[in-house]
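**Q** Quick one: this structure, given as C-alpha cells, is what I'll be asking you about.
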Amino acid sequence: YCQALDVIGRTHFVTVRFGNVLGSAGSVVPLFEKQIRAGGPVTITHPEMTRFFMTIPEAAPLVLQAGGLGENGRVYVLDMGDPVKIVDLARDVIRLSGLTPDEDIKIQFSGMRPGEKLYEELLTAQEGTGATQHQQIFVAKSSQTADLFDLYLESLFDAARTTNYPKIREMFMQLIPTY
C-alpha cells in the first residue's frame, strides 16, 4: 500500500519489515512470564515453531537508519539473525525465573491455529533482497505495480462490503503476489 501511495501521491514512504521485538507490547515473553508466575504450564503452539527476534535497542536504530536511506517507496528488511525455536525461548525464560523447565514448570503444546506458519518468513524466496550501504539492512526486490493498485483495492473494498469471500481472496492474490 505504501509503495503504491509513494508513486501516486506527494508523500514519500519507506517500509521496514522485521520479526518480533522482545519487550514490545506483542512480545511472547510477558505471556510466558505470566504463565510462569501462575505456576504454568507455558503454552506453545508447536515444538518446531520458530520466529525471528531482536530487542528494542537493536530494532529502533535500524528502523531509523532504514528510513534515513532515503529511497522512497522502498521496502527494507532488517537482518534478524537466525530464527529461534519458541520452545527454546520458553525454556530460557523458565530458567531465568529460577525454575527448571519440564519439572517446576511444564511446557504444553496447544497445536497450530488455522493459517499459522511453523516458520516465519521475513521475505519469500520470490521477493529476494539486495544490499544497501548498511550491513544489517537489505532492500526487498519489489514487483508491486502501482498502476492497478487503486483498482484492486477498490475491488477488495467492494468484496468486503458484500462479504464476497472468493472475491476477497482473489483481490488479495492480485494485491499481494506472494499471497
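The values are calculated or read from the model by the stated rules, or taken from the named source; none is laboratory data. Just so you know, these numbers come straight off a predicted model, no measurement behind them. Every residue, glycine among them, receives a Cβ derived from its backbone with ideal geometry; neighbour counts consider all protein chains shown.
**Q** Can you list residue pairs whose Cβ atoms sit under 6 Å apart, with the first residue in the stretch 26-43 being in contact (Cβ under 8 Å) with a residue 60 or more places away in the chain and under 12 Å from residue 104 (Cβ atoms) and the second being polar (S, T, N, Q) and part of a helix (DSSP H, G or I)? Count only pairs 6 or more apart in sequence or on different chains.
**A** 42/35
**Q** So the check is Cβ under 7 Å with 6+ separation or different chains; which pairs have a first residue in the stretch 144-161 that's of a type in the set (Ser, Thr, Tyr) and a second one that's modelled with pLDDT of 85 or more?
**A** 152/171; 155/171
**Q** Residues of the stretch 27-71 being in a loop (DSSP other than H, G, I, E, B) and crowded, with 20+ Cβ neighbours inside 10 Å, which ones? Before you say what the answer is, go through the steps one by one.
**A** Taking the stretch 27-71 first, the residues in a loop (DSSP other than H, G, I, E, B) are 27, 38-41, 45-49, 52, 69-71.
Residue satisfying the conditions is 49 alone.
**Q** A further question on this structure: Applying the selection to the stretch 50-81, what residues are free of Cβ contacts under 8 Å to residues at least 24 places away in the same chain and either closer than 14 Å to residue 28 by Cβ or not small (Gly, Ala, Ser) (or both)?
**A** Answer for the stretch 50-81, where residues must be free of Cβ contacts under 8 Å to residues at least 24 places away in the same chain and either closer than 14 Å to residue 28 by Cβ or not small (Gly, Ala, Ser) (or both): 57, 58, 61, 64.
**Q** Next question. Out of all the residues in the stretch 72-92, is one or more modelled with pLDDT under 90 and assigned to a helix (DSSP H, G or I)?
**A** no
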